[in-house]
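One structure is given here, and the rest of the page talks about it.
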Amino acid sequence: MGGREKFTVDIACPHCGQKGHAVWEENAAGNRRGGAQRALVRLSPGFHIQSGQTQSGDPVIGCDVCGTSQPD
């Protein structure tokens, strides 16, 4: 089994422009779609996890200011 790698992705609300970042952890083991497994580790202030999943299976990230979801 491969090691885990953390990476940070800048995010911005498409509606109000709130800016922040998401920290993800990736596992080289892979998933059933052939890509690496990843998990959301942390969101910067101003964003939260909403219920449900995106089409790619990731958690839905919402903006605390206006409630808009991040695009997949």
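Just so it is clear, none of the values below were taken in a lab; they were calculated from the coordinates. Predicted model only: the values in this text are computed from it and were never measured. All Cβ positions, even for glycine, are placed from backbone atoms using ideal geometry, and neighbour counts span all protein chains on display.
Between amide H atoms placed 1.01 Å from N, distances below 5 Å from ILE11 occur with GLY20, HIS21, ALA22, all of them 5 or more places distant or on a separate chain. With θ taken as phi - 60° and the Karplus curve 6.51 cos²θ - 1.76 cosθ + 1.60 applied, the whole-hertz 3J(HN,Hα) list for segment 55-71 is 4, 7, x, 7, x, 7, 9, x, 8, 5, 6, 10, x, 5, 7, 5, x Hz, x standing for glycine and proline. Legend: P(r) of segment 4-63 from all alpha carbon pair distances, 5 Å bins from 0, whole percents, reading 4, 17, 24, 27, 17, 8, 3, 0.
Per-residue packing, averaged as other Cβ atoms within 10 Å, sorts the ranges 53-59, 36-42 into the order 36-42, 53-59, beginning with the highest.
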